[in-house]
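Below is one structure; the comments refer to it alone.
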Amino acid sequence: EAAFKERLKTIILLNSTKSENHPLWTEIDRVTLEQLHYAKLGVGEGGWDIFAEEGEMRMYKREQEIDGRVVDPLKAVHTVKGVTGHEMCHYFFNPDVRMEWETTLEQMTILESVSEDTLVFLQIHKRVWPAAQRDALFWSHIRSVPDARDSDGPRTWIVCNHSTDHDKAPECKNGKYIRVDLTVCMVCQTIVEPPKNGAEVTRDNLTCKVTYCSEINPGGWAPAAALRAVYKREYPKFLKKFTHYVYEQCKNKPILF
Ligand code: 16C
């Protein structure tokens, strides 16, 4: 009986460190799957306008305002050679390397480690003159999903970031910063070109198809023209810098499928 109780304790302990048992889990699961679906929809319909194009990267926006605030949704697609979707999403999720590629950040704090695939972040972003400085409070979740092509090859990976509340976070009302409201996802699919004569797969055989979607509500007054000018500069800068960073990090490492 003692052994049974011990085993039960271990099972309870192991399960309690899974994000499935967290109060946020239902929302995390729902929003992540919604974002996955949304990312997979093309840009042919739905009034997407292209605003940036460089090499394989294309960025689209839809001009939208809520209560006079610019909330333009963004959708970007990119193709990166030599890396997998798992690698791409791993670096996008991993807080240890965020400062290496995220150029809009001033400070980042992990408020809660929900599980190894889910973290709650408080980020303070650089100020954009003449608007007030912003912070962002959001959960971030990484997972793999079966590939749409129904193959037994590498799975598709997603990281989803979504605004939330947290006991440990400072109140945003009367606070020093205005809190933005965000929903962001990065979805990455790996294409493996089979090597000739059954040779081993190398990085030359890999292509990663990246889709990045973002909806940010500035949460308070910000001049519309300045805001649009800032994101048109910052989103391409981010995606180029981030994908280059991942490529450089991975090139001499074993492939993480
Ligand atoms: O997705 C990205 N990064 C993730 C990890 O950090 C996470 C971040 C979301 C970004 C939240 C933005 C908060 C407002 C930033 C203020 C602008 C700073 C510009 C500094 C310029 C010197 O999901 C990659 C994010 C790439 C961000 C592109 C910038 C988007 C600007 C949108 C404008 C928001 C309102 C600003 C009010 C003036």
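Of all aspartates and glutamates in the structure, those lying under 12 Å Cα to Cα from residue 176, and not within fewer than 8 positions of it along the same chain, are 135. Computed from backbone phi, the HN-Hα couplings of the range 232-244 come to 5, 8, 6, 5, x, 4, 4, 5, 5, 5, 5, 5, 5 Hz, rounded to whole numbers (Karplus: 6.51 cos²θ - 1.76 cosθ + 1.60, θ = phi - 60°; Gly and Pro given as x).
Pair-distance distribution P(r) for the chain, from all Cα-Cα distances in 5 Å bins starting at 0: 1, 5, 12, 15, 17, 17, 13, 8, 5, 3, 2, 1, 0, 0 percent. Computed from backbone phi with θ = phi - 60° and the Karplus coefficients 6.51, -1.76 and 1.60, the 3J(HN,Hα) list for the range 222-229 is 7, x, 4, 5, 5, 4, 5, 5 Hz; x is used for glycine and proline. Positive-end ranking of 115, 89, 60 along the dipole of the chain, with charges on Cβ about the Cα centre, is headed by 60. With Cα atoms defining each centre, the range 87-106 and the range 185-257 are spaced 11 Å apart in the structure. Computed on the range 29-162, the Cα convex hull volume stands at 163 Å³ per residue.
In debye, nearest 20, what is the charge dipole magnitude of the chain about its Cα centre with +1 on Lys and Arg Cβ and -1 on Asp and Glu Cβ, if you could check? Let's see the in-between values first.
Details: 34 positive and 37 negative charges, 109 e Å.
Charge dipole of the chain: 520 debye, to the nearest 20.
The residues of the chain present an accessible area of 56 Å² per residue when probed at 1.4 Å with all protein chains retained.
Over 20 Å between Cα atoms, which of 81/240; 209/232; 168/237 qualify? Write down the numbers at each step before the final one.
Numbers: 81/240 13 Å; 209/232 22 Å; 168/237 32 Å.
209/232; 168/237, as the Cα separations exceed 20 Å there.
In whole percent, and with a 1.4 Å probe on the protein chains, what portion of the accessible area of the chain is carbon and sulfur?
On the way: 7530 of 14300 Å².
Carbon and sulfur together cover 53 percent of it.
Exactly which trypsin sites (Lys or Arg not before Pro) in the range 154-198 are in a DSSP loop and have at most 12 other Cβ atoms within 10 Å?
Working: sites: 155, 168, 173, 176, 179, 196; in loops: 155, 168, 173, 176.
Passing sites in the range 154-198 are 168, 173, 176.
In order along the range 92-105, the Karplus-derived 3J(HN,Hα) couplings, from 6.51 cos²θ - 1.76 cosθ + 1.60 at θ = phi - 60°, round to 6, 7, 5, x, 4, 10, 4, 5, 6, 10, 8, 8, 9, 8 Hz, and Gly and Pro are given as x. Straight-distance candidates among the lysines for linking to residue 173, with alpha-carbon spacing under 24 Å and chain neighbours fewer than 8 residues away dropped: 126. With the convex hull drawn around the C-alpha atoms of the range 162-207, the volume per residue stands at 137 Å³. May I ask you to derive the relative contact order of the range 1-136, considering only C-alpha pairs under 8 Å and at least 6 residues apart, and to give it as an integer percent? Taking the mean separation of contacting Cα pairs over the length of the range 1-136, I get 14 percent.
The values are calculated or read from the model by the stated rules, or taken from the named source; none is laboratory data. All figures in this text were calculated on a predicted structure; none of them were measured in a lab. FYI the Cβ positions are ideal-geometry reconstructions off the backbone, even for glycines, and counts take in every protein chain you see. Areas reflect the complete protein model, heavy atoms only, side chains present, ligands, DNA and RNA absent. Shrake-Rupley method; radii C 1.70, N 1.55, O 1.52, S 1.80 Å.
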